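Visitor: First the structure, which I've put down as structure tokens, then a few questions once you've had a look.
The values are calculated or read from the model by the stated rules, or taken from the named source; none is laboratory data. What you are looking at is a predicted structure, and each value in this text was computed from that prediction instead of being measured. Backbone-built Cβ (ideal geometry, glycine too); neighbour counts: all protein chains shown. Just so you know, the surface numbers come from the protein's heavy atoms only, side chains and all, with ligands and any DNA or RNA stripped out. Shrake-Rupley method; radii C 1.70, N 1.55, O 1.52, S 1.80 Å.
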Amino acid sequence: MQGKPIERQRLSRRTLLAAVLILVLIPATIMFGVYVLDDRKYYFISLLIVLYTIVPFAMVFEQRKPQARELIVIAVLSAIAVAGRGAFFMLPQFKPVVAIVIIAGVSLGPEAGFLVGAVTGFVSNFFFGQGPWTPWQMFCFGIIGFLAGILFKKGLLKKTKISLCLFGGLSTFIIYGGIINIGSLLMFTSHFTWKALLATYISGFWFDMVHAIATVFFLLIMAKL
């Protein structure tokens, strides 16, 4: 990736629709799976998330035919993220997934960023193990890719290592860690309390820190000025 000046762009209706699906419908679907389906239909919920993601992504091509190279790049990035997560299986939380998802969001747009993140979470868990945590991981990976694309379009995220690493570290620790810890609590208890949530955040602090450091490390390696 090469750093170039970029003008701030207005968000399209497609991106706004994607934001509604990602920020409202997908969390609602996950909560439906937790409280109504008792976390037993996680395959169904995961497939719904993928379906929701495909809708706005398909709208990218509503006025033109998709270029094969665009689809290939997205497929390759997803495959690399899955392979990268598997390659570092011996190092808990030290994974390149978020770094790759951020690069996808910045380079290909917010919809593609979410799609790469969600697909990576779903497919890689066929190796790591599917469970009620899968929809949460799909959402966490995807939302970071989506936000990276949005912030880049608005000119708030630059194609520089400093900017990407700062966003990557903070988003991994705050967004991924913040959301996945809530999911962990809801997976193991039906009685939500603030004390239990605080304990979950404390117990997961070092895991989230390692994850954030890994994202910064892989962005330093993969992001070219």
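Visitor: Could you tell me how many of the residues in region 100-132 are open to solvent by less than 10 Å² (accessible area, probe 1.4 Å), within 10 Å of the chain's Cα centre (by Cα) and either under 20 Å from residue 204 (Cβ atoms) or among the β-branched types (Val, Ile, Thr) (or both)?
Guide: So the count comes out to 7.
Visitor: Among the residues of region 31-56, what is the count of those that are open to solvent by less than 80 Å² (accessible area, probe 1.4 Å) and over 16 Å from residue 119 (Cα atoms)?
Guide: Summing the residues that are open to solvent by less than 80 Å² (accessible area, probe 1.4 Å) and over 16 Å from residue 119 (Cα atoms) in region 31-56 gives 5.
Visitor: Can I ask one more? Can you tell me how many residues within region 1-29 are part of a helix (DSSP H, G or I), at pLDDT below 80 and of a type in the set (S, T, N, Q)?
Guide: So the answer is 1.
Visitor: Considering each of 222, 209 in turn, give the residue that is more than 23 Å from residue 26 (Cα to Cα) and modelled with pLDDT of 90 or more.
Guide: Values: 222 fails: modelled with pLDDT of 90 or more.
Result: 209 is the single residue among 222, 209 that is more than 23 Å from residue 26 (Cα to Cα) and modelled with pLDDT of 90 or more.
Visitor: Sticking with this one: Among the residues of region 133-186, write down those that are outside any helix (DSSP H, G or I) and either open to solvent by less than 40 Å² (accessible area, probe 1.4 Å) or modelled with pLDDT of 95 or more (or both).
Guide: Result: 155, 157.
Visitor: Ok, one more. Would you be able to say whether some residue in region 198-219 is open to solvent by 70 Å² or more (accessible area, probe 1.4 Å), touching a Gly at 6+ places or on another chain (Cβ under 9 Å) and over 24 Å from residue 119 (Cα atoms)?
Guide: Residues of region 198-219 that are open to solvent by 70 Å² or more (accessible area, probe 1.4 Å), as a first pass: 198, 201-203, 205-207, 213, 217.
From the residues that got through so far, the ones that are touching a Gly at 6+ places or on another chain (Cβ under 9 Å) too are 201, 205, 207, 213.
Right, trim to over 24 Å from residue 119 (Cα atoms) and you get 201, 205.
Within region 198-219, one or more residues are open to solvent by 70 Å² or more (accessible area, probe 1.4 Å), touching a Gly at 6+ places or on another chain (Cβ under 9 Å) and over 24 Å from residue 119 (Cα atoms).
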